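Everything below concerns the one structure shown next.
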Amino acid sequence: AVSKNIESFGKQEESVARLGLQFGSVGAKSLDEYSSSLQEVTRFGDENINMVMAQFGAYGASLDQTKSLTKATLDLAEGQGMDLNSAALLVAKSFGSSTNALSRYGITIDATASQEEKIQQILSQSQSKYGGLAKLLGSLSASELVKAKNAFGDLGEQLGHTLAVGFNPVIKGITDF
């Protein structure tokens with residue numbers, strides 16, 4: 001149980017560290033709070049949302065673009081029944097390169113457009129196809145169980161943080177030995 005909670009905290013800590021690498025500490029804090037607010041109304045965990053946002057930052061999205069793209073990606077993942085990371089990679093490749101990885105999902109992007117224009121095309125087409133779907137599905141009765149699981153996961157992360165502070169020196173000592 002101790003190990004599981006420390007691992008949960010580690011995953012959350014890693015997701016925030018990745019945000020920090022892309023957006024700095026202030027941006028990471030803002031995006032981490034944003035992912036927590038999305039977790040409350042969707043079926044996605046905040047650590048997974050953080051990883052998506054870090055990926056968008058790596059492809060050159062600004063803080064505000066990342067927030068908008070994240071909502072669109074949550075909707076796309078729910079609309080296509082795919083995992084969040086796969087949906088995020090499709091979106092990131094579509095605005096961050098000359099590849100339109102979203103074309104097979106009915107979202108067409110002008111390959112010669114600027115990154116800003118590509119992002120706007122993704123957002124508008126995603127909104128028209130799936131806009132608000134993640135939040136809608138998150139409001140269904142069956143989704144409350146998923147949200148409760150995510151909340152218990154957050155509790156485990158906090159407990160893991162406390163345990164890591166106490167046990168990591170011991171673990172490090174054993175490892176060094």
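Each label was represented as a point 7 Å from its Cα along the Cα-to-Cβ direction; for Ser97 and Ser37 these points are 3.2 nm apart. Assuming charge only on the beta carbon of Lys and Arg (+1) and of Asp and Glu (-1), the dipole of the range 1-42 about its Cα centre is about 80 debye to the nearest 20. Sorted on the mean count of surrounding Cβ atoms within 10 Å across their residues, most packed first, peptides 141-154, 27-40, 69-82 read 69-82, 27-40, 141-154. When the Cα gyration tensor is reduced to axis lengths a ≥ b ≥ c, the ratio a/c is 1.5 or higher for the range 52-177, and with a/b not above b/c it is classed as oblate.
Contact order for the chain, expressed relative to its length and based on alpha carbon pairs under 8 Å spaced 6+ residues apart, stands at 29 percent. For the chain, the solvent-accessible area works out to 54 Å² per residue, with a probe of 1.4 Å and every protein chain left in place. Pairs exceeding a 29 Å alpha-carbon distance, out of Lys118/Lys149; Lys118/Lys147; Lys93/Lys172; Lys4/Lys29; Lys67/Lys149: Lys118/Lys149; Lys118/Lys147; Lys93/Lys172. Pairwise Cα separations in the range 1-85 fall into 10 Å bins from 0 onward with the following percentages, short to long: 19, 51, 26, 4.
For Lys4 and Lys29, what does the FRET efficiency come to when R0 = 35 Å and r is the distance between their Cβ atoms, rounded to the nearest 0.05? Taking R0 as 35 Å, the efficiency between Lys4 and Lys29 is 0.85.
Multiplying the residue separation of Glu14 and Asp64 by 0.36 nm and subtracting their alpha-carbon distance yields 15.8 nm. Taking a ≥ b ≥ c as the square roots of the Cα gyration tensor eigenvalues, the range 50-97 comes out prolate, since a/c reaches at least 1.5 and a/b is larger than b/c. Between Gly96, Gln65, Thr162, whose Cα lies farthest towards the positive end of the dipole of the chain when Lys and Arg beta carbons carry +1 and Asp and Glu beta carbons carry -1, centred on the Cα centre? Going by the charge dipole, the pick is Gly96.
Dipole magnitude for the range 1-110: computed about the Cα centre from +1 point charges on Lys and Arg Cβ and -1 point charges on Asp and Glu Cβ, it is near 200 debye.
The values are calculated or read from the model by the stated rules, or taken from the named source; none is laboratory data. Predicted model only: the values in this text are computed from it and were never measured. Glycine gets a Cβ as well: all are built from the backbone with ideal geometry, and neighbour counts include every protein chain shown. Please note that ligands, DNA and RNA were not included when accessible areas were found on the heavy atoms of the full protein model with its side chains. Shrake-Rupley method; radii C 1.70, N 1.55, O 1.52, S 1.80 Å.
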